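Only one structure is covered here, and it is reproduced in the block below.
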Amino acid sequence: MASSKKYLQFILEQLSELEEITYRAMMGEFIIYYRGKIVGGIYDDRLLVKPIKSAISYMSTVSYELPYEGAKEMLLVDEVDNKEFLTGLFNAMYEELPKQKRKK
């Protein structure tokens, strides 16, 4: 099942306090970037983020889910209705996220 543009717009609105939130559509899903780094994505209308230490320690409940079959597990973000929580989560994760590799 592909993710809806409506859900994408909801998540982007929840993250509107942050600068440089961008996304890229990929095979019916959406990859979410924060200041040029991949934070996670929207898969089957679920917000999933990379399972890094800062995200795990920031979240009160940690739940791992597969974005799609054959992929690595990611963290399910349940508190998408809490704008302050999402902003804090993305800020907490930023420094630990790897820089984007540039294509040659």
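The values are calculated or read from the model by the stated rules, or taken from the named source; none is laboratory data. All of these numbers come straight from a predicted model, not from anything done at the bench. For neighbour counting, all protein chains shown are included, and Cβ atoms are generated from backbone atoms with ideal geometry for every residue, glycine included. To get the accessible areas, we keep the full protein, side chains included, count just its heavy atoms, and leave off ligands, DNA and RNA. Shrake-Rupley method; radii C 1.70, N 1.55, O 1.52, S 1.80 Å.
Among residues of the stretch 2-22 that are closer than 13 Å to Ile32 by Cα, those with a Cβ under 8 angstrom from a residue that is open to solvent by less than 40 Å² (accessible area, probe 1.4 Å) and polar (S, T, N, Q), sequence gap 6+ or separate chain, pair up as Leu15/Thr87; Leu18/Thr87.
Which of the residues that make up the stretch 56-104 are more than 22 Å from Tyr7 (Cβ to Cβ), of a type in the set (A, V, I, L, M, F, W, C) and touching a Ser or Thr at 6+ places or on another chain (Cβ under 8 Å)? Once the filter is applied, which keeps residues that are more than 22 Å from Tyr7 (Cβ to Cβ), of a type in the set (A, V, I, L, M, F, W, C) and touching a Ser or Thr at 6+ places or on another chain (Cβ under 8 Å), the stretch 56-104 yields only Ala92. Restricted to strands (runs of 3 or more DSSP E) entirely inside the chain, those with at least 2 residues that are open to solvent by 60 Å² or more (accessible area, probe 1.4 Å) and touching a Phe, Trp or Tyr at 6+ places or on another chain (Cβ under 8 Å) are 21-26. Cβ-Cβ contacts under 7 Å between residues 6 or more apart (or on different chains), taken from a first residue in the stretch 48-71 that is touching a residue at least 24 places away in the same chain (Cβ under 8 Å) and more than 17 Å from Asn82 (Cα to Cα) to a second residue that is part of a loop (DSSP other than H, G, I, E, B) and among the acidic types (Asp, Glu), are listed as Pro51/Glu73; Ile52/Glu96; Lys53/Glu96; Ser54/Glu96. Scanning the stretch 42-97 for residues that are touching a helix residue (DSSP H, G or I) at 6+ places or on another chain (Cβ under 8 Å) and among the basic types (Lys, Arg) yields Lys50, Lys83.
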